[in-house]
1. Hey, does the range 300-308 have a residue that's within 16 Å of ligand 2 (Cβ to nearest atom) and farther than 25 Å from Pro89 by Cβ?
2. Provide a single number: the residues in the range 245-264 that are closer than 15 Å to Ala293 by Cβ and among the polar types (S, T, N, Q).
3. Scan the range 70-92 for residues that are of a type in the set (S, T, N, Q), touching a residue at least 12 places away in the same chain (Cβ under 8 Å) and either surrounded by fewer than 24 Cβ atoms within 10 Å (Cβ to Cβ) or in a loop (DSSP other than H, G, I, E, B) (or both) and report the count.
4. Step by step: first the residues of the range 1-40, then only those that are of a type in the set (A, V, I, L, M) and assigned to a loop (DSSP other than H, G, I, E, B), then the one that is farthest from ligand 1 (Cβ to nearest atom). Which residue is that?
5. Find the helices (runs of 4 or more DSSP H) located wholly in the range 179-283 whose residues include 3 or more that are free of Cβ contacts under 8 Å to residues at least 60 places away in the same chain, and list them.
6. Considering Ala195, Ala209, Ala246, Ala215, which residue is closer than 26 Å to Arg397 by Cα, touching a strand residue (DSSP E or B) at 6+ places or on another chain (Cβ under 6 Å) and surrounded by fewer than 24 Cβ atoms within 10 Å (Cβ to Cβ)?
7. Quickly run through the range 139-178 and pick out the residues that are of a type outside the set (Val, Ile, Thr), within 18 Å of the chain's Cα centre (by Cα) and assigned to a loop (DSSP other than H, G, I, E, B).
8. Which count do you get for residues in the range 196-240 that are within 16 Å of ligand 1 (Cβ to nearest atom) and either of a type in the set (A, V, I, L, M, F, W, C) or not assigned by TED's automatic domain parsing to the domain that holds Gly73 (or both)?
Amino acid sequence: MDSVKVNGRSYRMPARPVVVVCIDGSAPEYFEDGLKRGLLPNLARFRRQGFSALADCVIPSFTNPNNLSIVSGAPPSVHGISGNFFLDPDTGREVMMNEPALLRCESILAALSRQGRRIAIVTAKDKLRRLLGHGVQGGICFSAERAHEATEAENGIADATALVRRKTPDVYSAALSEFVMEAGVRLLETARPDAMYLSLTDYVQHKHAPGTPEADAFYRSLDAYWGRLEQMGALVGLTADHGMNAKTRADGTPDIVYLETVLAEGLAPGGFRVILPITDPYVLHHGALGSFATVYLRDPADGPGVRERLGRVRGIVYAEPRAAACARFELPPDRVGDLVVISGANVVLGKSPQSHDLSLLKEPLRSHGGLAEQRVPFELSAPVSAAYRDRARAGLRNFDIFDYLLNGTAA
Ligand code: ZN
Ligand code: ZN
């Protein structure tokens, strides 16, 4: 078979290695700024010879829903991962969405592997590894965070640190992403997978704005890897899971709307529950503060009043009931609260002042989750057909990237 159908789309089998890099938190400004100053020669070459556009990511503009969309070519209503966290209606507990059992569809990578194609997946953080590798037969799948623990049985490779010739990096470092890129280059040299997915971390983007020395150094390093992958014969696609914005007031302090505080003014204690789906075990760089929240109400009849009140709060740009939010953002209704709340470009949503340790933030807060972080880069190292160029004018999603690489290019 020379194509495979996944979630309603057909994908051609890769004729040469296809590599998608998900640059976590890569707002388009990082590319534009770096290109303007000549820091990204390989990306500049991709732009001359390949295809470049902007795409919209999935809302909430968080890591897990977007990574799963990119590998499955489908929105969260199809794959089921609505955030990094959700409230399990059966237990009433907040559950991290890193269990493959929560997935509701197959990935493009899994489908390719069933056709005998070799797959490699390298993630920065371990939280995504099992979700992304779910259903992939054979193949290699490991995280930089746990590279030294990789085994042939679990990850398809024993001791990934030997492959990369580096020690496992700190989970809070730029080196974690560089480890992923180095692993990608080595895997292309050795295992030569037919399709490879490399997912980085937004550690740098949470701390450093475009144009800062730290961001410059990071993107120059990434650009060199993209060039190497392409020179080794890979077809390279670059996108992001979401963008990133400063979430601060003029004085540099975080601009936070505390939803529990707002809701407590009109509702009895226990009448509501606020879930911040950005919450994950790696809170050091964002204090668990993002621009998307979902609110569960004990009495759904409170919905219209709460919604009206939230709509009047400065900094909140969207407060709509579940049905409307799930229709607009293509989310799974059973994993979303009674209301979806989104804050503006420079504002984050918190629970209450006591629930967030702001002393963990060493730099002015930068974060994501909302509509203002939806634009992401979409870059291919090869040109696409006229039909695909036309299609892009109607708007692209980050999860179109495998479609563009496999079906849109001549390679
Ligand atoms: Zn992310
Ligand atoms: Zn982040």
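The values are calculated or read from the model by the stated rules, or taken from the named source; none is laboratory data. Owing to the predicted nature of the structure, the values given are computational and were not obtained by experimental measurement. In this analysis, Cβ positions are derived from the backbone assuming ideal geometry, glycine residues included, and neighbour counts consider all displayed protein chains.
1. No, that holds for no residue.
2. Here the count works out to 1.
3. The number of residues fulfilling the criteria is 3.
4. Applying the filter and picking the extreme gives Met1.
5. 213-231, 259-264
6. Ala246
7. Answer for the range 139-178, where residues must be of a type outside the set (Val, Ile, Thr), within 18 Å of the chain's Cα centre (by Cα) and assigned to a loop (DSSP other than H, G, I, E, B): Ala144, Glu145, Tyr172, Ser173.
8. Residues meeting the conditions: 8.
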